[in-house]
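Down below is the structure, laid out as structure tokens.
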2 protein chains.
Amino acid sequence: MIRLLLVHDDYLLRCALRSLLTSAEDIDVVAASSRDVAHEAARRPADLVLLDVDCPGFSALAGMGKPQPWDGMARSGLVVIAPTGRPGLLHRAFEARALGYVSKDAPPERLLDAIRRVAQGSRYVDDALAPDFLSAARMPLTPRELNVLSLAADGASVSEIAGTLWLAEGTVRNYLAAIIRKTGARNRVDAIRISRHAGWV
Amino acid sequence: MIRLLLVHDDYLLRCALRSLLTSAEDIDVVAASSRDVAHEAARRPADLVLLDVDCPGFSALAGMGKPQPWDGMARSGLVVIAPTGRPGLLHRAFEARALGYVSKDAPPERLLDAIRRVAQGSRYVDDALAPDFLSAARMPLTPRELNVLSLAADGASVSEIAGTLWLAEGTVRNYLAAIIRKTGARNRVDAIRISRHAGWV
């Protein structure tokens, strides 16, 4: 029996995914929102965590390098459901040490397959997500540029970004120019739009 | 028997919602993506359409005033699933003549309730969405300002917006200043961020 902790922020979709998974007789599902995942993991031991990387709660949960509720799990595994075309989200899931990756557009059998494989200690990557893994590996922005871009995307001005990162305003402008060039954007707003869509910021 | 056309862009979530709905014995579910909804509606007559307004396909489908696949349906109805805190999406669902509104965070019973009520010719609004309906009614931007903001959000510069809308650049700048003031934003990027989050653009 695979004990699965299913994490989704929306109760209705959590119930829907749970209803889909309970058709499999070898999977025992406990569901929780991102807010309660650590608490739920401590209360009821699980083998695996399944989560949707498209939920706002995922970014809060999966800070780079942070210890995660799934790190200490018996069969130790995180399986994620991810939309296609958003390599930044896959990159974050990878940083959070996910072992299984399933497209949101996959048939349910593929999700069950991924869960069973990761429970056996293997990895699983959905073919439909392979191009996004390639884009993720080729991400052109440096960590510093991503930093600048995140602040800009939150609505900070050049002088606010300069103040936050202890940089000269001219340096921030240079970073922004590099970001616009590397993302193939028309201007700053366009660079934010492109990077946000890809899931980088 | 209520014949329901379930519309969701992601196959996995479509299957999950379908699995949730088939537990109700009075509902017969046919599922489709937004791309195929008109085709599916023509092929198999349905009483109701259920769709997730958070899918990219919804915006393409629900252009203001456009004829919709659900307009000619027997019991004629559209029920939507909507996230809280995004009044712009509710507004678009309203323009698309939705009769039932259920929060993504609702228990499954509430969704079944909404489907049954709309099938009987009533309206249904989830309590959890009431504050968003109030915000939608109080939306401060004029249609022209929304137009300018949409173009800006797609990465168009002031001169490109001016060219597209046949306006002077100074007029576009005035619109943008009014938008920033009315949305309580710090600058243009911030106004786009706020309005996009609310679902207005």
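How would chain A be classified by its alpha-carbon gyration tensor: rounded, prolate or oblate, with rounded meaning a/c under 1.5 and the a/b versus b/c comparison settling the rest?
On the way: a/c = 2.57, a/b = 2.04, b/c = 1.26.
The shape class here is prolate.
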So B:Val125 and B:Lys182, fully extended at 0.36 nm per residue minus their Cα-Cα distance, gain in nm 17.7 nm
So how much slack lies between B:Arg138 and B:Asp28, counting 0.36 nm per residue of separation and subtracting their Cα-Cα distance, in nm?
-> 35.8 nm
Whole-number percent relative contact order across chain B, with pairs defined as alpha carbons under 8 Å at least 6 apart = 16 percent
About its Cα centre, the stretch A:2-136 carries a charge dipole, from +1 on Lys and Arg Cβ atoms and -1 on Asp and Glu Cβ atoms, whose size in debye to the nearest 20 is 340 debye
To one decimal in nm, how far is A:Ser59 from the same spot in the other copies, if labels go 7 Å from Cα toward Cβ? Please give the shortest first.
-> 1.6
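Which net charge results for the neighbourhood of B:Gly155, defined as the other residues with beta-carbon distances under 12 angstrom from its beta-carbon, given Lys and Arg at +1 and Asp and Glu at -1? Kindly include the intermediate steps, with their values, before the conclusion.
Working: positive: A:Arg186, A:Arg188, A:Arg193, A:Arg196, B:Arg188; negative: A:Asp190, B:Asp154, B:Glu160.
Once all neighbours under 12 Å are counted, the net charge is +2.
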For the stretch A:131-148, what does the Karplus curve 6.51 cos²θ - 1.76 cosθ + 1.60, with θ = phi - 60°, yield as ³J(HN,Hα) per residue in whole Hz, taken in order and with x for Gly and Pro?
-> x, 5, 5, 5, 4, 4, 5, 9, 4, x, 8, 7, x, 5, 5, 4, 4, 4
For chain A, what is the calculated [θ] at 222 nm in deg cm²/dmol (nearest 500), taking -39500 (n - 2.57) for each run of four or more DSSP H residues and dividing by its residue count?
-> -14000 deg cm²/dmol
Check cross-link reach from B:Lys182 to the aspartates and glutamates: straight Cα distance under 15 Å, and skip same-chain residues fewer than eight apart.
-> B:Glu145, B:Asp190
Other-copy label distances relative to A:Asp71, 7 angstrom Cα-Cβ extension, nm = 5.7
Dipole check, chain A, charges on Cβ (K,R +1; D,E -1), about Cα centroid: among A:Ile180, A:Pro131, A:Gly88 the Cα furthest to the positive pole belongs to A:Ile180
Give the cross-link partners of B:Lys104 among the aspartates and glutamates, using a straight C-alpha distance below 16 Å as the criterion and excluding same-chain residues fewer than 8 apart.
-> A:Asp9, A:Asp10, A:Asp52, A:Asp54, B:Asp9, B:Asp10, B:Asp52, B:Asp54, B:Asp113, B:Asp126, B:Asp127, B:Asp132
Net dipole in debye of the stretch B:113-201 [+1 Lys, Arg Cβ; -1 Asp, Glu Cβ; about Cα centre; nearest 20] | 180 debye
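By the gyration tensor of its Cα atoms, with a ≥ b ≥ c the square roots of the eigenvalues, what is the shape of the protein assembly as shown: rounded for a/c under 1.5, prolate for a/b over b/c, or oblate? Please report the intermediate quantities before stating the final value.
Numbers: a/c = 2.03, a/b = 1.14, b/c = 1.79.
Taking the square roots of the gyration eigenvalues as a ≥ b ≥ c, the protein assembly as shown is oblate.
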The farthest towards the positive end of the charge dipole of chain B, of the residues B:Ala153, B:Cys55, B:Leu4, given +1 on Cβ of Lys and Arg and -1 on Cβ of Asp and Glu, is B:Ala153
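Quick note: the coordinates plus some simple rules give every number you see, no bench work behind them. Everything numeric in this text was worked out from a predicted model, so none of it was measured. Cβ sites come from the backbone with ideal geometry, for glycine too, and all protein chains shown count toward neighbours.
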